[in-house]
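Comments concern the structure below.
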Amino acid sequence: MALPTSVNDIRELIKTPLPDAVIESIICMVNELVGDCLTSSYPECTTENIFNWMVCHFIQAMDGGSATQKRAANGASISFEQYGTGEGLKSTPFGRMVLMVDTQGCYSGLVADTFLFGVIGDPTRSTSGGC
């Protein structure tokens, strides 16, 4: 089931220089990955909020952060907020909202699980039972 989110809905939530086509592709991807889980797990309003936050998370991740302007008593200054990398949904404010509200774990369908397998030992040691 397609969720009724449009590019304009997303642009009302987040400022981004990304073109409409990129936002549409993110909406489509999130819908394919977690749309069914969200619509079967939550009422309409909660589904829409979580879905939109997921889309905004990917937009923030693509933008890399945001510029925020702060004024000091002696003049203007600008500071940049850079979102964390390698932290998944924790790396953006919208992603953190998803983690807090998505109690059914639909967000797990957004990213591939990674599994790390390592071996520790001496590669030159013989395992043939000899001395």
Count of residues meeting criterion [farther than 11 Å from residue 4 by Cα and open to solvent by 30 Å² or more (accessible area, probe 1.4 Å)] in segment 29-41: 8
Subset tally (residues that are of a type outside the set (Phe, Trp, Tyr), more than 20 Å from residue 93 (Cα to Cα) and in contact (Cβ under 8 Å) with a residue 12 or more places away in the chain) for segment 32-47: 6
Failed criterion for residue 100 (all others in (1) of a type in the set (A, V, I, L, M); (2) at pLDDT 90 or above; (3) touching a helix residue (DSSP H, G or I) at 6+ places or on another chain (Cβ under 7 Å) hold): (3)
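Table: residues versus (1) at pLDDT below 80; (2) crowded, with 16+ Cβ neighbours inside 10 Å; (3) more than 14 Å from the chain's Cα centre (by Cα); (4) not charged (D, E, K, R).
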residue	(1), (2), (3), (4)
54	no, yes, no, yes
96	no, no, no, no
104	no, no, yes, yes
112	yes, no, no, yes
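The values are calculated or read from the model by the stated rules, or taken from the named source; none is laboratory data. The structure displayed is predicted, hence computed values, not measured ones. Because the Cβ atoms are built from the backbone with ideal geometry, glycine has one as well, and the counts that use them run over all protein chains shown. When the accessible area is computed, the model is the full protein with side chains, heavy atoms only, and any ligands, DNA or RNA have been set aside. Shrake-Rupley method; radii C 1.70, N 1.55, O 1.52, S 1.80 Å.
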